[in-house]
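This report refers to the structure that appears directly beneath it.
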Amino acid sequence: MANESFLARLKANAERYEEIKHLRDRVETAGSSYARASYRVHLDEATRDLSDQDLIVLCDRGNACFGGHVGFRSRDSVAVDVYTD
C-alpha cells in the first residue's frame, strides 16, 4: 500500500508539472548541498498564487519524490529547497 501511495504521488506531481511547466523560466538555481537543491522563484501574476507543493514540483521538474521546503518570501521572489535524497 505504501508503494502505491508513493507512485500515486509521483504521478500527481508529474501531471501537475505538465500544467505549470510553462512557468519554468521563472526558476533560478540558487545552489545545492548534500541532499538538497536550492532555487529562487521569481514571483509575478502567474506564480504568486502557486501552492508550496506547486513551487516544489516546478523547481524539481515534476519529480519532488523527496519533498521540499518553501522558505523566505519577498515581494518578488521565494526561496525553495528540494530534497534530493
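The values are calculated or read from the model by the stated rules, or taken from the named source; none is laboratory data. Model, not experiment: these values are computed from the prediction. Heads up, the Cβs are rebuilt from the backbone with ideal geometry, glycines too, and the neighbour counts pull from every protein chain shown.
Before moving on, here are some points about what is shown:
- Residues that are modelled with pLDDT under 95 and among the hydrophobic types (A, V, I, L, M, F, W, C) within the stretch 47-85 comprise A64, C65, F66, F72, listed in sequence order.
- Scanning the stretch 20-42 for residues that are assigned to a helix (DSSP H, G or I) and surrounded by 11 or more Cβ atoms within 10 Å (Cβ to Cβ) gives I20, K21, L23, R24, R26.
- Residue, surrounded by the fewest Cβ atoms within 10 Å (Cβ to Cβ), within the stretch 53-74, restricted to residues that are over 8 Å from the mean Cα position of the chain (by Cα) and polar (S, T, N, Q): S74
- Considered as a group, the residues in the stretch 64-85 that are in a loop (DSSP other than H, G, I, E, B) and in contact with a strand residue (DSSP E or B) (Cβ under 8 Å, 6 or more places away or on another chain) include one that is nearest to D25 (Cα to Cα), and that residue is D76.
- Residue list for the stretch 12-31, restricted to those being touching a residue at least 40 places away in the same chain (Cβ under 8 Å) and among the small types (G, A, S): A14, A30
- Output for the stretch 47-63, where each listed residue is among the small types (G, A, S) and either closer than 16 Å to L10 by Cβ or assigned to a helix (DSSP H, G or I) (or both): G62
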